[in-house]
C-alpha cells in the first residue's frame with residue numbers, strides 16, 4: 001500500500017484524514033492531492049473551519065443539542081412549545097425532525113442509546129438531566145423518538161420506567177409502513193405494528 | 001435534506017468538507033459529528049496539517065514531484081541512477097512505482113496527460129521541462145510509464161516524437177496479463193500485447 005510519500009507534509013495529512021470513519025489511506029491520498037490542486041485559500045478555510053468548530057462548539061445547557069451559545073436557538077425560541085419535549089439519540093435526529101417542520105416543542109438529546117455490548121450505560125447519557133428538567137420545568141408530554149432497534153427500545157423502556165410515576169404523558173413516534181412503500185414488501189413486524197397502531201381514517205390519511 | 005444545523009460552526013465544516021470529491025452533505029455531517037466526539041487535539045492536528053501542507057508544499061524543481069524542499073528526496077539521493085528517467089502522469093504514480101522497489105532511476109512528473117477533450121494541451125504539462133532536462137543532464141534512457149488509455153498513448157507518442165531524434169533509449173512499461181489473472185478472462189487487446197511483448201522464459205517468469 002501507499003507508503004512512499006516523498007513529502008512529510010502530505011504524509012501528515014493522509015495520516016490525519018485516514019483516522020476519520022470511512023476514509024482509508026487511498027481515499028485520504030486522493031483528498032490530499034485534490035487539496036494540493038486547489039487554491040491555498042481552500043485549504044485555509046477547510047482547516048480553520050474544523051479547528052474553529054471543535055474549539056468553540058457548545059452543547060445547549062438545556063437540551064444538549066449542539067449550539068454556538070449556552071442555550072441553543074430552539075430552546076431560546078419563544079414560539080416553541082416548552083410543555084412538549086422530544087427525546088432523541090443525537091443531533092442528527094434533531095435535524096431530521098426539524099426538517100419535517102411538524103414539531104414545535106423542544107428537544108432533549110441523549111447523546112447515545114443504552115448498549116451494554118458497547119459499554120454504554122444509562123449514566124453515560126443525559127437521562128438524569130432529562131429527569132431533573134422534567135422536575136423543574138413545566139413539561140406535559142414527552143415523545144420518545146428513538147430508533148426501532150434493540151438499543152432504542154431498551155432506552156425507551158428505561159426512560160419510561162423512570163418517568164411512569166410522574167404525572168406526564170409519555171408517547172412514542174408511530175411505527176408503520178413508510179409513505180410510498182407497498183404493503184406486500186413491508187416486513188411483518190412493521191406491518192403488525194402498523195395494524196396495532198391504526199388510526200381513524202380522517203387522522204391517518 | 002440536512003439544513004437545520006443549529007450551529008453555524010458545524011454548518012461551516014459541513015459546507016467545506018462537502019466541497020471535497022466523493023463527500024456529500026450527509027457524509028460531511030457524519031464526519032463533523034465524529035470530530036465533535038473526539039478530543040480537541042484531534043481536530044487541531046487535522047486542521048493544521050491541511051493548512052500547513054497547502055502553505056508549505058513545494059514541487060521538486062528537477063522532477064516536479066511533491067516535496068518538502070526545492071529538490072525532492074529521490075532526486076537528492078546519490079544512490080539513484082541519474083541516467084534513467086521514468087515519466088509518469090502524477091505523484092500517485094511515483095508512489096506506486098516506489099512501492100514496487102524495482103526502479104532505481106529518477107522520475108519526471110508530467111502533471112497530467114494530453115487530453116484535448118479536457119482542454120489539456122502539451123503546454124499544460126512539464127514536457128518542455130523534460131526536454132530541457134534531457135538536453136542538460138546526462139540521460140541515457142527514459143521509460144514511459146503512462147496509463148494504457150487514449151490520453152496516455154497520445155502523450156507517450158507526443159513525447160516519443162519530440163525525443164526520437166536525440167541519442168536516447170526510449171522504452172515503455174510492459175503491457176500484458178496481470179499476475180494472478182487467468183488467460184481466458186484477459187481482454188483480447190491485453191492478451192495480444194502480451195504475446196507481441198513475449199520474453200525469453202528465464203526473464204519473463
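Of all residues in the stretch A:61-73, those satisfying the criterion of being in a loop (DSSP other than H, G, I, E, B) and either touching a helix residue (DSSP H, G or I) at 6+ places or on another chain (Cβ under 6 Å) or closer than 16 Å to residue A:140 by Cβ (or both) are A:62, A:63, A:65, A:68. Scanning the stretch A:27-43 turns up no residue that is surrounded by 21 or more Cβ atoms within 10 Å (Cβ to Cβ) and under 24 Å from the mean Cα position of the chain (by Cα). Within the stretch B:1-16, the set of residues being within 7 Å of chain A (Cβ to nearest Cβ) and assigned to a helix (DSSP H, G or I) comprises B:8, B:9, B:10, B:12, B:13, B:16. Among the residues of the stretch A:44-53, are any surrounded by 13 or more Cβ atoms within 10 Å (Cβ to Cβ), touching a residue at least 12 places away in the same chain (Cβ under 8 Å) and either more than 30 Å from residue B:59 (Cβ to Cβ) or within 10 Å of another protein chain (Cβ to nearest Cβ) (or both)? There is no residue in the stretch A:44-53 that is surrounded by 13 or more Cβ atoms within 10 Å (Cβ to Cβ), touching a residue at least 12 places away in the same chain (Cβ under 8 Å) and either more than 30 Å from residue B:59 (Cβ to Cβ) or within 10 Å of another protein chain (Cβ to nearest Cβ) (or both). Here residue B:56 fulfils each of the conditions (1) crowded, with 21+ Cβ neighbours inside 10 Å; (2) facing chain A (nearest Cβ under 7 Å); (3) touching a residue at least 12 places away in the same chain (Cβ under 8 Å) apart from (1). For residue A:155, the test of being part of a helix (DSSP H, G or I) and under 16 Å from residue A:88 (Cβ atoms) is passed.
Among the residues of the stretch B:72-100, what is the count of those that are within 7 Å of chain A (Cβ to nearest Cβ) and under 20 Å from residue B:168 (Cβ atoms)? Residues in the stretch B:72-100 being within 7 Å of chain A (Cβ to nearest Cβ) and under 20 Å from residue B:168 (Cβ atoms): 0 in total.
Each value in this text was obtained by applying a stated rule to the coordinates, not by laboratory testing. Worth saying up front: this structure is predicted, and the values here are computed from it rather than measured. As a convention, Cβ positions derive from the backbone with ideal geometry for all residues, glycine included, and neighbour counts pool all protein chains shown.
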